[in-house]
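Undergrad: One structure coming up, written as structure tokens, with questions to follow.
The values are calculated or read from the model by the stated rules, or taken from the named source; none is laboratory data. Since this is a predicted model, take the numbers as computed values, not measurements. Note: ideal-geometry Cβ built from the backbone for every residue, glycine included; neighbour counts use all protein chains shown.
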Amino acid sequence: KLVARKNNENTIIDLENTKVGEGFFTIIAGPCSVENKEIIEETAHFLSELGIKIMRGGVFKPRTSPYSFQGLGKKGLEYLKLAAEKYNLKIITEALDEDTLKLVNECADIIQIGSRNAQNYGLLRKVGKLNKPVLLKRGFMMTIEEFLYSAEYIAFEGNKNIILCERGIRTFETKTRNTLDISAIPVLKKETHLPIIIDPSHAAGRRDIIPDLIKASLAIGAHGIMVEIHPQPEKALSDGKQSMIFKEFEKTIKEIKELADVL
Ligand code: PEP
Ligand code: MN
């Protein structure tokens with residue numbers, strides 16, 4: 001298999017201003033959704049002050065309910081791009097299907113394939129034909145083996161720039177939105193040469209335990225984290241409960257910077 005580990009060589013994703021892979025701990029942060037021009041600019045400014053190089057922000061949102069906020073679409077991509085350019089940040093945003101993949105590919109530096117699309121093999125093949133880094137989230141009902149096969153679909157089509165993302169799986173536990181499968185990190189590091197990061201936000205579903213999960217991510221050997229932050233989480237149009245306020249996020253980042261070199 002193409003994604004299987006063969007020796008001790010690791011894939012490093014090079015994004016010009018930063019890297020993702022073994023030897024690095026890369027921080028990606030931003031709102032769940034791009035909501036307007038002001039908030040995304042405020043977020044970009046905040047991240048750049050912290051030295052963070054990659055900003056997230058969904059514009060095509062895979063919401064559980066069709067009545068929930070679906071994202072700003074194309075307009076959101078424009079806001080995201082403007083904010084990122086102003087503060088010299090790289091962008092990651094999700095593609096939902098073939099149509100949105102085209103639009104996302106024109107704007108993003110990393111294409112996100114979400115949990116709900118992690119076994120959409122047609123879409124995986126499409127993104128595999130592109131020449132752009134992909135962040136593949138683990139489906140919330142997927143085994144590690146199935147996760148690796150999904151990555152294999154992308155690699156099989158030619159695109160080897162894949163970042164895996166553990167974002168929690170569905171279990172009987174109800175205190176958290178999903179159960180963060182922390183064991184998946186060392187298991188995946190044995191089985192694949194691809195970088196693997198943790199999304200503590202969608203795993204927890206609640207902001208109070210995210211600082212601890214961020215520290216656990218570093219301790220377990222993940223190659224980074226992707227965290228949802230919002231200047232006013234109580235007003236967020238999606239995932240407010242799990243979005244960290246800027247001050248708390250900054251505090252946690254300062255704490256982990258004392259423990260490791262953080263990109
Ligand atoms: C997201 O990153 O906003 C998202 C929808 O994540 P997931 O696909 O992991 O649910
Ligand atoms: Mn979200």
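Undergrad: Within segment 218-228, how many residues are away from ligand 1 (no atom under 14 Å from the Cβ) and under 14 Å from Leu263 (Cα atoms)?
TA: Number satisfying all stated conditions: 4.
Undergrad: Of the residues in segment 53-68, how many are more than 19 Å from Cys165 (Cβ to Cβ) and away from ligand 1 (no atom under 12 Å from the Cβ)?
TA: Here the count works out to 3.
Undergrad: How many residues does segment 232-251 hold that are surrounded by fewer than 19 Cβ atoms within 10 Å (Cβ to Cβ) and polar (S, T, N, Q)?
TA: 1
Undergrad: Collect the residues in segment 100-129 that are within 11 Å of ligand 1 (Cβ to nearest atom), of a type in the set (A, V, I, L, M) and either free of Cβ contacts under 8 Å to residues at least 12 places away in the same chain or not in a strand (DSSP E or B) (or both), keeping them in residue-number order.
TA: Ala118
Undergrad: Being crowded, with 18+ Cβ neighbours inside 10 Å and under 14 Å from Asp97 (Cβ atoms) is the filter here; which residues of segment 71-82 pass it?
TA: Correct list: Gly71 only.
Undergrad: Something else now. Here is a list: Leu2, Leu96. Which entry is farther than 26 Å from Ile245 by Cβ and touching a Phe, Trp or Tyr at 6+ places or on another chain (Cβ under 6 Å)?
TA: Exactly one residue qualifies, and that residue is Leu96.
Undergrad: Restricting to segment 26-46, count the residues that are part of a strand (DSSP E or B), within 21 Å of Lys215 (Cα to Cα) and within 16 Å of ligand 2 (Cβ to nearest atom).
TA: 3
Undergrad: Same structure, new question: Applying the selection to segment 10-58, what residues are buried (at least 17 other Cβ atoms within 10 Å of the Cβ) and of a type in the set (Lys, Arg)?
TA: Of everything in segment 10-58, those that are buried (at least 17 other Cβ atoms within 10 Å of the Cβ) and of a type in the set (Lys, Arg) turn out to be Lys19, Lys53, Arg56.
Undergrad: Now for a different question. Mind checking which pairs have a first residue in segment 223-235 that is over 20 Å from Val187 (Cα atoms) and within 16 Å of ligand 2 (Cβ to nearest atom) and a second that is assigned to a loop (DSSP other than H, G, I, E, B) and charged (D, E, K, R), Cβ under 8 Å, 6 or more apart or different chains?
TA: Val227/Asp199; Glu228/Asp239
Undergrad: To continue, here is another question. Kindly evaluate Glu16 against the criterion of being of a type in the set (D, E, K, R), closer than 21 Å to Asn131 by Cα and away from ligand 1 (no atom under 16 Å from the Cβ).
TA: Here the answer is yes, as Glu16 does meet what is asked.
Undergrad: Go through (1) of a type in the set (A, V, I, L, M); (2) touching a residue at least 40 places away in the same chain (Cβ under 8 Å); (3) more than 16 Å from ligand 1 (Cβ to nearest atom); (4) part of a helix (DSSP H, G or I) and name the single condition Ile210 misses.
TA: Only one criterion in (1) of a type in the set (A, V, I, L, M); (2) touching a residue at least 40 places away in the same chain (Cβ under 8 Å); (3) more than 16 Å from ligand 1 (Cβ to nearest atom); (4) part of a helix (DSSP H, G or I) is unmet by Ile210, namely (3).
Undergrad: Do we find a residue being away from ligand 1 (no atom under 16 Å from the Cβ), among the aliphatic types (A, V, I, L, M), modelled with pLDDT of 95 or more and surrounded by fewer than 19 Cβ atoms within 10 Å (Cβ to Cβ) anywhere in segment 189-206?
TA: There is no residue in segment 189-206 that is away from ligand 1 (no atom under 16 Å from the Cβ), among the aliphatic types (A, V, I, L, M), modelled with pLDDT of 95 or more and surrounded by fewer than 19 Cβ atoms within 10 Å (Cβ to Cβ).
Undergrad: I would also like to ask the following. Among the residues of segment 47-66, are any assigned to a helix (DSSP H, G or I) and farther than 23 Å from His223 by Cβ?
TA: yes
Undergrad: Of all residues in segment 236-263, which are outside any helix (DSSP H, G or I) and either away from ligand 2 (no atom under 16 Å from the Cβ) or closer than 19 Å to Thr93 by Cα (or both)?
TA: Of everything in segment 236-263, those that are outside any helix (DSSP H, G or I) and either away from ligand 2 (no atom under 16 Å from the Cβ) or closer than 19 Å to Thr93 by Cα (or both) turn out to be Ala236, Leu237, Ser238, Asp239, Ser243, Met244, Ala260, Asp261, Val262, Leu263.
Undergrad: Go through (1) of a type in the set (Phe, Trp, Tyr); (2) more than 19 Å from Ser150 (Cα to Cα); (3) more than 16 Å from ligand 2 (Cβ to nearest atom) and name the single condition Tyr121 misses.
TA: Condition (2) is where Tyr121 drops out.
Undergrad: At pLDDT 95 or above and away from ligand 1 (no atom under 16 Å from the Cβ), is that true of Ile245?
TA: Spelling it out, Ile245 is indeed at pLDDT 95 or above and away from ligand 1 (no atom under 16 Å from the Cβ).
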